[in-house]
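Asker: Have a look at the structure that comes next, please.
The values are calculated or read from the model by the stated rules, or taken from the named source; none is laboratory data. Since we're looking at a predicted model, the values are computed, not measured. All Cβ positions, glycine included, derive from the backbone under ideal geometry; neighbour counts span all protein chains shown. Calculation scope for accessible area: heavy atoms of the full protein, side chains included, ligands and nucleic acids excluded. Shrake-Rupley method; radii C 1.70, N 1.55, O 1.52, S 1.80 Å.
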Amino acid sequence: PHWAFYLLLPAHFMMGPIHGAIVNWCGHKYGYRTFDTTESDKSRNTLVFDFVTFGELFQNNHHRYGMSPNFAARWFEIDPTYPVIKLLSLLKIIDLGPAPQMARYPAPDAGAAT
């Protein structure tokens, strides 16, 4: 590649930590709770920024159903990476295996917050 591409390396190296900080800060500070999780768990769903992080800010849903490939639980939540995961699974590129699917909100046994 052209030598100027190496000037972009600092931005590349910072993308991961910045994304992690956004997810961990916003996903536990701002937003709404769909599920009651443990008392020490303060995870929240931050819908406003979720499209920027491609579904990563459905933290409360993720903490309730950590093995689900779809982090969306309510009708208005859209996990934009889930269709990609399903496509890769249909093409046999990845194997989703027997991971439990997230129950749609509200489910009788999901412990949904009011």
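Asker: Report, in deg cm²/dmol and to the nearest 500, the calculated mean residue ellipticity at 222 nm for the chain, where each DSSP H run with n ≥ 4 adds -39500 (n - 2.57) and the sum is divided by the residue count.
Answerer: Theoretical 222 nm ellipticity from helices: -10500 deg cm²/dmol.
Asker: Using only the alpha-carbon atoms of the chain, report the extent along each of the three principal axes, biggest first, to the nearest angstrom.
Answerer: Principal axes ranked by extent give 58, 37, 23 Å for the Cα atoms.
Asker: To continue, here is another question. Excluding the sites themselves, what is the longest stretch of the chain that contains no chymotrypsin sites (Phe, Trp or Tyr not before Pro) in a DSSP loop with at most 10 other C-beta atoms within 10 Å?
Answerer: Value returned for the longest uninterrupted segment is 1-74.
Asker: With a 1.4 Å probe and all protein chains in place, put 86, 92 in order of accessible area, largest first.
Answerer: So the residues, ranked largest to smallest area, are 92, 86.
Asker: Next up: When the solvent-accessible surface of protein heavy atoms is calculated with a 1.4 angstrom probe, in what order do 48, 23 fall, highest first?
Answerer: Largest to smallest exposure gives the sequence 48, 23.
Asker: Something else now. What lysines could a cross-link reach from residue 29, if we take a straight Cα to Cα line under 29 Å and drop same-chain neighbours fewer than 8 places away?
Answerer: Within the straight-line limit of under 29 Å, residue 29 reaches these lysines: 42.
Asker: With every protein chain present, what is the per residue accessible area of the chain (1.4 Å probe, Å²)?
Answerer: Roughly 68 Å² per residue, with all protein chains present.
Asker: Turning to a different aspect of this structure: So, with a 1.4 angstrom probe, what is the percent of accessible area on the stretch 60-100 that is carbon and sulfur?
Answerer: Result for the stretch 60-100: 69 percent of the exposed heavy-atom area is carbon or sulfur.
Asker: No solvent, one uniform scatterer per C-alpha: report log10 I(q)/I(0) for the stretch 1-58 via the Debye equation at q = 0.17, 0.21, 0.23 1/Å, two decimals.
Answerer: -0.62, -0.78, -0.87
Asker: In nm, to one decimal, how far is the residue 76 label point from the residue 29 one, both placed 7 Å along Cα→Cβ?
Answerer: 2.3
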